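Next up is a structure, given as structure tokens.
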Amino acid sequence: MASALTMFTGLGRKISGKDTQECRTLQVDMPARSSVDIEFNNITLKVSEGLRSKKKTILRSLSGLFRSGELTAIMGPSGAGKSSLMNALTAFSTTGVSGTIRAGDSVCELGKRDRSLSSLKAYRKKSCYILQDERLNPLFTVKELMRFAADMKLGNTLPEKLKLSVISEVLETLGLTGSENTRCGHLSGGQKKRLSIAVELIDNPPVVFLDEPTTGLDSSTSVQCIEMLKKLARGGRTIVCTIHQPTASVYSMFDQVYILAEGLCIYHGSSANTVPYLASIGLQCPKYHNPADYILEIANGEYGKFNDVLAERCTMQGKEQKSLPQPLVSADKEEMSCGKISIVIKPPHELYKFGVLFRRCIIQQYRDWTVTHLKVLLHIAIGIMLGLLFEKAGNDGSKTISNLGYLIVSIAYLCYTSLMPAVLRFPSELLVLKKENFNNWYNLKTYYAAVLVTGIPLQIWYSFVYSAPSYFLSGQPLEISRFFMFVMVLANVTLIADAIGNVIGTCVNPINGTFLGAITTCAMIAFAGFLVLFAHMSPGMRTISHVSFMRYAFEAIVLSVYSDGRQPLPCPETKLYCHSRYPSELLKQFSFSSENYWPNIGVLLTEIVIIRIIAYFTLSRTVRTSN
């Protein structure tokens, strides 16, 4: 104990005011924590079925109390409103929801226009929500994912040894010991479920919501999963989960069940009291019949229309139970906290979280060989191929137009190869991002900044590895300044294409996004000034061409090769006349000004900043609205 106390030296500090709502009490060896009951009143959900149709009521004035230390199951037939109630209680989706939810000292009133956003955030900080699908990054091992969760939730407040001790204890509690070095993509379904819970238990949340935790599991694994949840509830937590149709053995494990039918609560009580309760109102459960199946059959109306009667009686009993005093904490629960040391942990600063996210993005990019290794190899191969295809075109007066073709092809190639992966970038990570952001792992701005900081150097590197072979093989001027001007243009093209792809990917689904990305690239090429000269365009089309970033990129890349007093190109002896061997005449023919290189770079950089800002807001909207 003395050594443990020494580890904690300097960790204690006074926390008061607003900070107390953001703190969690971390206790060594996962003991019981402070109790937080969930009480909700008059939860109603109305959704619109169309523009002119009336709103449909999904949840009808539901009320209830989920106590700490108990495992509660929300059940009901398909369409009863289980997921809708869970989304409302977690504040995961509040559109059309009205009512009041209380979690400890936090009160959240939904449906009011003047509701405080701070009260909603304070309520969310009391709980975590583990969704039905396992939202885990397959490229990371169990140990890495747990370490990442510990860094995000505990920060650098704890010593390294104590942080690893917390991780080991959580893994041991959930039966994941021995799989620390296994990547998440190689875990079984049951292990993924447990890992999804483990990463949220790092900071010892008082309330845990789970959506269909047994979906996709066999009967044996389902029993193990429910046993684990009951063990966590006995540690002083409020555990609430939805479940569709449990077996009799699983149903008996729940301390409380909350049965829904047609948006109404028809039973709220212990699982052991289900059969006696139904018998008291004349509904006899057949012998050897699963009580869960029987009450769901009643909810479906197989024995008559009893839902309204059961809902009215359940409401009356609920009011009577609320007037009763809450049960005292049992001696077993108190014994669990004996000999434990509690530490108040304040969430780390967003700057620290940025560093953690930055490291994760670096590791993810390195391990995703399709994003980095394969792409680099393809850029080198295509660079060599195009360099050989346009061999010595940059220093041959008879091949000037072909050389301009090389320049526009370079822009189009890097635009397309940067835009299309960017369309799929955020949609592929949206599930993980939604879960981690909702459970207060990090701010969306922090995540977006980490993605940008790690992605921008990579895009610049792609433009360089493509340019290195193709520039010199195609016979462009052997001047280091021109080469870097050439690379700078292509780097801006990759960055702006990546930004446009992010905007498209966060506005439409991936299938439509790939189509829009291809159409966008084609439209930009058409107005770049190569296929149709600006002098040949009508005034209206010439005005529209300013929308195309390739207009500025093409002019800048041509100027990087032919401006700054470049001498006339040599004309081969086999040719009688080389019309385009004079760079000044070429620039005049394409309506380019030799002084426009840096202004064009400035326009491209400005567009990058603007589109990046737009991409953030479209991503934020997608994270808020996607379910």
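The values are calculated or read from the model by the stated rules, or taken from the named source; none is laboratory data. Just so it is clear, the structure is predicted and the values come from calculations on it, not from any experiment. Because the Cβ atoms are built from the backbone with ideal geometry, glycine has one as well, and the counts that use them run over all protein chains shown.
Return the pair list, or none, for Cβ contacts closer than 9 Å from residues in segment 605-617 that are within 9 Å of A499 (Cα to Cα) to residues that are modelled with pLDDT of 95 or more and not in a helix (DSSP H, G or I), at least 6 apart or on different chains.
none
How many residues does segment 257-282 contain that are over 19 Å from P77 (Cβ atoms) and not β-branched (V, I, T)?
7
Also, quick follow-up: From I456, I496, which residue is assigned to a helix (DSSP H, G or I), in contact (Cβ under 8 Å) with a residue 24 or more places away in the chain, in contact with a Phe, Trp or Tyr (Cβ under 6 Å, 6 or more places away or on another chain) and not hydroxyl-bearing (S, T, Y)?
I496
What are the residues in segment 209-220 that are hydrophobic (A, V, I, L, M, F, W, C) and surrounded by fewer than 21 Cβ atoms within 10 Å (Cβ to Cβ), if any?
L217
Examine segment 226-236 for a residue that is of a type in the set (D, E, K, R) and not in a helix (DSSP H, G or I), and state whether such a residue exists.
No.
Within the bounds of segment 508-515, is there any residue that is in a helix (DSSP H, G or I), over 17 Å from A422 (Cβ atoms) and either assigned by TED's automatic domain parsing to the domain that holds R360 or at pLDDT below 90 (or both)?
no
Kindly check whether there is at least one residue in segment 229-249 that is among the small types (G, A, S), under 30 Å from Y442 (Cβ atoms) and in contact with a strand residue (DSSP E or B) (Cβ under 6 Å, 6 or more places away or on another chain).
yes
Which of the residues spanning segment 394-407 are surrounded by 19 or more Cβ atoms within 10 Å (Cβ to Cβ), within 47 Å of the chain's Cα centre (by Cα) and either at pLDDT 90 or above or of a type in the set (D, E) (or both)?
N403, L404, Y406, L407
Kindly check whether there is at least one residue in segment 428-444 that is modelled with pLDDT under 95, among the β-branched types (V, I, T), surrounded by fewer than 16 Cβ atoms within 10 Å (Cβ to Cβ) and part of a helix (DSSP H, G or I).
For segment 428-444, residues modelled with pLDDT under 95, among the β-branched types (V, I, T), surrounded by fewer than 16 Cβ atoms within 10 Å (Cβ to Cβ) and part of a helix (DSSP H, G or I): present.
Follow-up. Would segment 603-612 turn up any residue that is in a helix (DSSP H, G or I) and charged (D, E, K, R)?
Scanning segment 603-612, I find at least one residue that is in a helix (DSSP H, G or I) and charged (D, E, K, R), so the answer is yes.
Answer with yes or no whether V465 is of a type in the set (V, I, T) and at pLDDT below 95.
no
Now a separate question. Can you say whether Q256 is touching an Asp or Glu at 6+ places or on another chain (Cβ under 7 Å) and either surrounded by fewer than 23 Cβ atoms within 10 Å (Cβ to Cβ) or touching a residue at least 60 places away in the same chain (Cβ under 8 Å) (or both), as far as the supplied structure shows?
Considered against the rule, which asks whether it is touching an Asp or Glu at 6+ places or on another chain (Cβ under 7 Å) and either surrounded by fewer than 23 Cβ atoms within 10 Å (Cβ to Cβ) or touching a residue at least 60 places away in the same chain (Cβ under 8 Å) (or both), Q256 comes out as yes.
Another question, if that's okay. Identify, from the list L576, L604, L559, L569, the residue that is assigned by TED's automatic domain parsing to the domain that holds T521, in contact with a Phe, Trp or Tyr (Cβ under 9 Å, 6 or more places away or on another chain) and more than 18 Å from G394 (Cβ to Cβ).
L604
Just name the residue that is surrounded by the most Cβ atoms within 10 Å (Cβ to Cβ) out of those in segment 527-552 that are closer than 20 Å to E585 by Cα and of a type in the set (A, V, I, L, M, F, W, C).
Here the residue is A528.
Is there a residue in segment 585-599 that is in the same structural domain as G505 (by TED's automatic domain parsing), assigned to a helix (DSSP H, G or I) and within 16 Å of G501 (Cα to Cα)?
no
Can you work out which of the residues in segment 148-162 that are closer than 16 Å to S196 by Cβ and of a type in the set (G, A, S) is surrounded by the most Cβ atoms within 10 Å (Cβ to Cβ)?
My answer is A149.
Go through segment 573-604 and give me each residue that's loosely packed, with under 13 Cβ neighbours inside 10 Å and polar (S, T, N, Q).
T574 - this is the single residue of segment 573-604 that is loosely packed, with under 13 Cβ neighbours inside 10 Å and polar (S, T, N, Q).
Moving on to the next point. Give G269, G282 a once-over and let me know the one that is surrounded by fewer than 22 Cβ atoms within 10 Å (Cβ to Cβ) and closer than 19 Å to L85 by Cα.
When all the criteria are applied, what remains is G269.
On the basis of being in contact (Cβ under 8 Å) with a residue 24 or more places away in the chain and assigned by TED's automatic domain parsing to the domain that holds F464, does I525 make the cut?
Judged against the criteria, I525 is a match.
Conditions (1) part of a loop (DSSP other than H, G, I, E, B); (2) crowded, with 16+ Cβ neighbours inside 10 Å; (3) assigned by TED's automatic domain parsing to the domain that holds A88, marked per residue:
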| residue | (1), (2), (3) |
| --- | --- |
| L164 | no, no, no |
| S168 | no, no, no |
| E172 | no, no, no |
| S179 | yes, yes, no |
| G185 | no, no, no |
| G190 | no, yes, no |
| R194 | no, yes, no |
| I197 | no, yes, no |
| L201 | yes, yes, no |
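Here are the criteria: (1) closer than 27 Å to M420 by Cβ; (2) assigned to a helix (DSSP H, G or I). Tell me which single one A528 does not satisfy.
Of everything listed in (1) closer than 27 Å to M420 by Cβ; (2) assigned to a helix (DSSP H, G or I), A528 misses just condition (2).
From the set of residues in segment 131-171 that are in contact with an Asp or Glu (Cβ under 6 Å, 6 or more places away or on another chain) and modelled with pLDDT of 85 or more, which is nearest to T446 (Cα to Cα)?
Per the criteria, the residue is K153.
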